[in-house]
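A short reminder: the numbers here are calculations on the coordinates, not readings from a lab. Source: prediction; values computed, not measured. Glycine gets a Cβ as well: all are built from the backbone with ideal geometry, and neighbour counts include every protein chain shown.
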Amino acid sequence: MRYFHDTGFLLLYCMFSILYIPADTSFVFAFLCALILCCVCYFAESSLIRLGTGVVALSLSLLFPSFFCFFPAMFYVFLREHRWPLLLAFGLLSFYYAAFAPDTRSSLPLLYGLSGFLLAALLKLHTGQYERLAYQFRRIQDDSREHHLLLSEKNRVLLEKQDYEIYTATLRERNRIAREIHDNVGHLLSRSILLLGAARTINQQDSLHPLLNNLDVTLNSAMDSIRNSVHDLHDDSVDLKEAIQSLVLDFTFCKVVLQYDMGRSLPREVKYCFISVTKEALSNVMRHSNASQVQLTMQEHPALYQLCIEDNGSLRSSKAEKDTSHRGIGLSNIEERVRALNGTLQITKNPGFRIFIIIPKV
């Protein structure tokens, strides 16, 4: 917008030259040409169009001396465009008008014209400084916004990492508690049950039989409760992502590309199903396939869980192909696990071996 402010002010300044030059048709034509030049040099994207417009304006200046009145505005445009050849021609033409044109050889038009050139140069200098400051300000704003986005992203990653570390620490603590209960309290209860059984065997007093029987029921009930609690803690402490990554790291037969996109709160049946299927699938790849890469994909969708295991190899023997076509024990176990969770199983062999499982959410 400052371009229009500057050129508009210069055109208005040039219009006051009617005080010493008659406002005839050539003066109006010169004004329109100067206005067109200012607009073209701002809106035209092609450099050739802007250059051609400047050349036409200078050519018309040779025919119409009234163009000299609007030279300050044209000087501003050429200076802004850095058209040095045009500025040189413009300077020579200005000198010609100042020295030989009959309407401009008096002191007042010359002084007025020089003041216009000086005003155009000052406006260009001031606008250039303003544009540089505006550019630096926008750049600082962009850098600040970029830094803010980077910091926000880093904070988000750190928070996710912190949450994941807390989650894994919680799982490890649950696993430790389960081991402690199993190794200490469970063994003590087992010992107490054995001692109680021995006491019931050697007991000769009929009055103690009801008491020993009730004690046996109580200890066995406590043992069952602890066993269930240990199993629940152990099942909840299993992290599917860590378990799958461990299987991938231990599998050295070929490269495994893992794509994991699952939540943390997963049913333990789904976790154990996916772990077992992955073990069986990698084992089949190692025994029956000559694959060089395995693609392992686990994804959670709003209504289902998805597992896809596919390799780029082929069966290495007719016996392996026969076992696969007749659904061996491993594939039968996979099918039973998926069916128990009301899921669907799809096995294809074109060109590599592919296991695709979908388990709906309950």
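Computed from backbone phi, the HN-Hα couplings of the stretch 337-349 come to 5, 5, 5, 5, 9, 6, x, 10, 10, 10, 10, 10, 9 Hz, rounded to whole numbers (Karplus: 6.51 cos²θ - 1.76 cosθ + 1.60, θ = phi - 60°; Gly and Pro given as x). Taking one quarter of the surface of the convex hull spanned by the alpha-carbon atoms of the chain gives a direction-averaged projected area of 36.2 nm². Can you tell me the 0 to 90 degree angle between the C-alpha axis of helix 240-250 and the longest principal axis of the chain, rounded to 10? Between helix and principal axis, roughly 90 degrees.
Using a Förster distance of 56 Å, how high is the FRET efficiency between residue 46 and residue 299, based on the Cβ-Cβ distance and rounded to 0.05? E between residue 46 and residue 299, to the nearest 0.05, is 0.65.
What is the gain in length, in nm to one decimal, between residue 35 and residue 81 on full extension, counting 0.36 nm per residue of separation less the C-alpha to C-alpha distance?
Result for the pair: 15.0 nm of gain on full extension.
Taking trypsin sites (Lys or Arg not before Pro) in DSSP loop conformation with at most 15 other Cβ atoms inside 10 Å as exposed sites, the chain has its longest uninterrupted site-free stretch at 106-263.
Backbone phi angles across the stretch 126-136, fed through the Karplus curve with coefficients 6.51, -1.76 and 1.60 (θ = phi - 60°), yield HN-Hα couplings of 5, 5, x, 5, 5, 5, 5, 5, 5, 5, 5 Hz in residue order; Gly and Pro are listed as x. Rounded to the nearest 10 degrees, the inclination of helix 84-100 to the longest alpha-carbon principal axis of the chain is 20 degrees. Relative to the current alpha-carbon distance between residue 176 and residue 125, full extension at 0.36 nm per residue lengthens the span by 10.9 nm. Proximity of backbone amide H atoms, modeled 1.01 Å from N, is registered between residue 341 and no other residue at under 5 Å, excluding neighbours fewer than 5 places apart on the same chain.
3J(HN,Hα) couplings calculated from phi for the stretch 7-20 with the Karplus curve 6.51 cos²θ - 1.76 cosθ + 1.60 (θ = phi - 60°) are, in sequence order, 5, x, 5, 5, 5, 5, 4, 5, 4, 6, 5, 5, 5, 10 Hz; Gly and Pro show x. Calculated FRET efficiency, residue 283 to residue 335, Cβ-Cβ distance, R0 = 25 Å: about 0.95 to the nearest 0.05. Of the residues 343, 54, 330, the one that moves most in a GNM of the chain with alpha-carbon contacts below 10 Å is 54. The stretch 120-177 to the stretch 1-71: how many Å between their Cα centroids? That distance is 47 Å. Its Cα gyration tensor gives the stretch 2-105 an equivalent ellipsoid; the semi-axes, largest first and in whole Å, are 21, 16, 12. Mind listing the long-range amide H neighbours of residue 256? Cut-off is under 5 Å, sequence gap 5 or more, other chains count too, H placed in the peptide plane at 1.01 Å from N. Excluding prolines and chain starts, which carry no amide H, the hits are 294. Across the chain, the mean sequence separation of Cα contacts (distance under 8 Å, 6 or more residues apart), normalised by length, yields a relative contact order of 10 percent.
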